[in-house]
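Shown next, in structure tokens, is the structure this report addresses.
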Amino acid sequence: MVRIGYTLMTEQSGPRALVRHAPLAEAAGFDFAVMSDHYSPWLESQAHSPYAWSVLGAVTQVTERVELMTYVTAPILRYHPAVVAQKAATIGLLSQDRFTLGLGAGENLNEHVVGRGWPPVHVRHEMLQEAVEIIRALFGGEQVDHVGRHFRVDQAKLWDVPSRPVPIGVAVSGPESVRRFAPLAETMISTDPDERLCRAWDSARGGDRKVGQLPVSWGPDRDAAVKRAHEQFRWFAGGWRVNADLPGPAGFAGATQFVRPEDVAANIPCGPDADPIVDAVASFRDCGFTDVALVQVGGDDHQDGFFEFARSELLPAVRAKLG
């Protein structure tokens, strides 16, 4: 059975709203919750971007069952990997082993703020690999000294670590990144329902967890749902290679100025019906994904109704048809 998660989307809700959403998602029956980790929203219309790790700490205390995950944190520029390891270990303890550290090579949108430039993709992947190795070593609870191509670590030790090391997931985009990161992570992360990625990951890891993400714009009025998806999520049409390099909301606005509402509606299930969402989840399941995190597009005004819809219609339909 594919497991269904809920996305605590920091780009479209403030910190207090996100903490309120988490137990509602748990009560609705979602299996897990993922949280984005951004410094900036993609578009000004989204209008939010609180610090994910503070929110995660609060979420651990208002939930009891759901697993938690960052989707995803970039430990390459804005955060040093030694600091990411400390944050992740703390969330692992606060959540009582419900946390998976989702990592990725980042986006210019968030990483440029520290003024160190934006490296090309092959360098970002080198940095991410070295960062994962450092984080892994620190999770062991011993002192770590490291002098590498991209990072230095001097006498670092995590003094509070879970008895079970925090699992690591890594976002991948193609065969090369699968080859590089599958040996270093328990979980594959991707937003694309790509069967080739899943097959390659399974060949390298033997069938581990593979987590996808699906934006939806649920609402009783389909036209309004399409309009909202276009206003807030048309950036999704750019794809990873474009989105990773754009520097800010103005760039995303310019890059998506010719994306039409009907283009968004062709790629994001919109409106009141469960069937299009179930079909979209099935496309991930059929490719080999074990988990799919849904994003309900829209801020605080559009979540409560979605939770009730998920509890009463959507999650039962997914489990009945895809179980």
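The values are calculated or read from the model by the stated rules, or taken from the named source; none is laboratory data. Please read all numbers here as calculations on a predicted model, not as lab measurements. Every residue, glycine as well, gets a Cβ built from its backbone with ideal geometry; the counts of neighbours run over all protein chains shown. These area figures cover heavy atoms from the full protein model, side chains too; ligands, DNA and RNA do not enter into them. Shrake-Rupley method; radii C 1.70, N 1.55, O 1.52, S 1.80 Å.
Odds and ends about this structure:
- Both the radius of gyration and Dmax for the range 229-287 are 13.3, 36 Å, in that order, over alpha-carbon atoms.
- Quarter the surface of the alpha carbon convex hull of the range 33-160 and you get the mean projected area, 8.2 square nanometres.
- Measuring only protein heavy atoms, the 1.4 Å probe finds Asp208 accessible over about 40 Å².
- Hull volume per residue, based on the alpha-carbon atoms of the range 77-118 and their convex hull, is 73 Å³.
- All-pairs Cα distance distribution in the range 42-93, expressed in whole percent, bin size 10 Å: 20, 49, 28, 4
- With Cα atoms, 0 to 90° folded angle of helix 52-62 axis to the chain main axis: 70 degrees
- Net charge contributed by nearby residues that have their C-beta within less than 11 Å of Thr290 (K/R +1, D/E -1): 0
- Sites Ala253 and Ser163, calculated FRET efficiency, Cβ-Cβ separation with R0 56 Å, nearest 0.05: 0.75
- Once Rg and the Kirkwood radius are both taken over the C-alpha atoms of the chain, their ratio Rg/Rh works out to 0.95.
- Dimensionless Rg ratio for the range 148-299, taking C-alpha atoms and the 2.2 N^0.38 Å reference: 1.25
- Amide H contacts of Phe99 (H built 1.01 Å from N, under 5 Å, at least 5 apart or other chain): Leu68
- Only Cα pairs under 8 Å and 6+ residues apart enter the sum, and on that basis the relative contact order of the range 193-282 stands at 38 percent.
- Cα Rg, Dmax, the range 171-241, angstrom units: 15.7, 46
- Backbone phi angles across the range 85-92, fed through the Karplus curve with coefficients 6.51, -1.76 and 1.60 (θ = phi - 60°), yield HN-Hα couplings of 4, 5, 4, 5, 4, 5, 5, x Hz in residue order; Gly and Pro are listed as x.
- The string of couplings for the range 268-280 from the Karplus curve (6.51, -1.76, 1.60, θ = phi - 60°) is 10, x, 10, x, x, 8, 7, 4, x, 6, 4, 5, 5 Hz, one whole number per residue in order, with x for Gly and Pro.
- Zero-based 5 Å bins, Cα pair distances in the range 257-303, whole percents: 5, 17, 22, 25, 19, 11, 3
- For the range 209-323, the C-alpha radius of gyration sits at 1.10 times the compact-globule guess of 2.2 N^0.38 Å, with N the residue count.
- The H on the amide N of Lys157, modeled in the peptide plane, is under 5 Å from the matching H of Val144, each at least 5 residues off or on a different chain.
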